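Report on the following structure.
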Amino acid sequence: PTSGTFTYTALGGTLPTDSSGAIGTATSTATLTANFTAMTVNTSVNATVGANTWAASANNIPILNGSTFTAEKINGVGNLTVTSSLAGTTSGKLNGIFTGNATGTSGGAMLGYSMNVGGAAGTTMQGVTAFKK
């Protein structure tokens, strides 16, 4: 679409997994709202993997080329908020893409996410969620 605001419904996706091999629960949640007039996205992900909880969110993420968006936090800097029940410095990245026809009457979106606590020696959690319009 080239205008309007749409709230997408999460359909499902991969069970989130972490770098220790723990697999998350199906109760993980994700939200996605796109404002095609302003060309921005608001999105969030909440997951439980093993004994740990994870969350990431960002608002007003620019939609690039009418179809993709990215939010990230690296070394404490970026447009993404990342929290975890694990202690340590957090980082992460959300990547998304919209699918569908040019008029916006069909389609959805995909959101890939990766969150980390403690850098390269720490723990990373990741997954993918699909959305419908």
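Overview of results
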quantity: Every pair of residues 6+ apart whose Cβ atoms lie under 7 Å, when the first sits in region 107-122 and is at positive phi and at pLDDT 95 or above while the second is open to solvent by less than 10 Å² (accessible area, probe 1.4 Å) and part of a strand (DSSP E or B); calculated: none
quantity: Phe36 vs. criteria aromatic (Phe, Trp, Tyr) and over 20 Å from Leu11 (Cα atoms); calculated: yes
quantity: Enumeration of residues in region 74-96 that are open to solvent by 50 Å² or more (accessible area, probe 1.4 Å), under 24 Å from Asn35 (Cα atoms) and part of a strand (DSSP E or B); calculated: Gly78, Thr81, Lys93, Asn95
quantity: Residues that are at pLDDT 85 or above and part of a loop (DSSP other than H, G, I, E, B), drawn from region 26-38; calculated: Phe36, Thr37, Ala38
quantity: Condition met for Thr99 (closer than 20 Å to Thr7 by Cβ, polar (S, T, N, Q) and either exposed (fewer than 15 other Cβ atoms within 10 Å of the Cβ) or without any contact (Cβ under 8 Å) to a residue 24 or more places away in the chain (or both)); calculated: yes
quantity: Pair list, Cβ < 6 Å and 6+ apart or interchain, from region 14-39 residues that are on the phi > 0 side of the Ramachandran plot to residues that are modelled with pLDDT under 95 and open to solvent by 60 Å² or more (accessible area, probe 1.4 Å); calculated: none
quantity: Residue match in region 97-110 (condition: aliphatic (A, V, I, L, M), over 20 Å from Thr9 (Cα atoms) and part of a strand (DSSP E or B)); calculated: no
quantity: Residue among Ala71, Ala47 that is touching a residue at least 60 places away in the same chain (Cβ under 8 Å), part of a strand (DSSP E or B), of a type in the set (Gly, Ala, Ser) and under 24 Å from Met125 (Cα atoms); calculated: Ala47
quantity: Evaluation of Ala56 against (1) touching a residue at least 40 places away in the same chain (Cβ under 8 Å); (2) over 13 Å from Asn116 (Cβ atoms); (3) surrounded by 15 or more Cβ atoms within 10 Å (Cβ to Cβ) (one fails), failing number; calculated: (2)
quantity: Region 1-18, residues that are open to solvent by 40 Å² or more (accessible area, probe 1.4 Å), more than 16 Å from Gly112 (Cβ to Cβ) and among the small types (Gly, Ala, Ser); calculated: Ser3
quantity: Any hit, region 22-39, residues being among the aromatic types (Phe, Trp, Tyr), open to solvent by less than 40 Å² (accessible area, probe 1.4 Å) and in contact with a strand residue (DSSP E or B) (Cβ under 6 Å, 6 or more places away or on another chain); calculated: no
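The values are calculated or read from the model by the stated rules, or taken from the named source; none is laboratory data. This is a predicted model, so every value here is computed, not measured. Virtual Cβ from ideal backbone geometry, glycine too; neighbours counted across all protein chains shown. These accessible areas exclude ligands, DNA and RNA; they are computed on the full protein's heavy atoms, side chains included. Shrake-Rupley method; radii C 1.70, N 1.55, O 1.52, S 1.80 Å.
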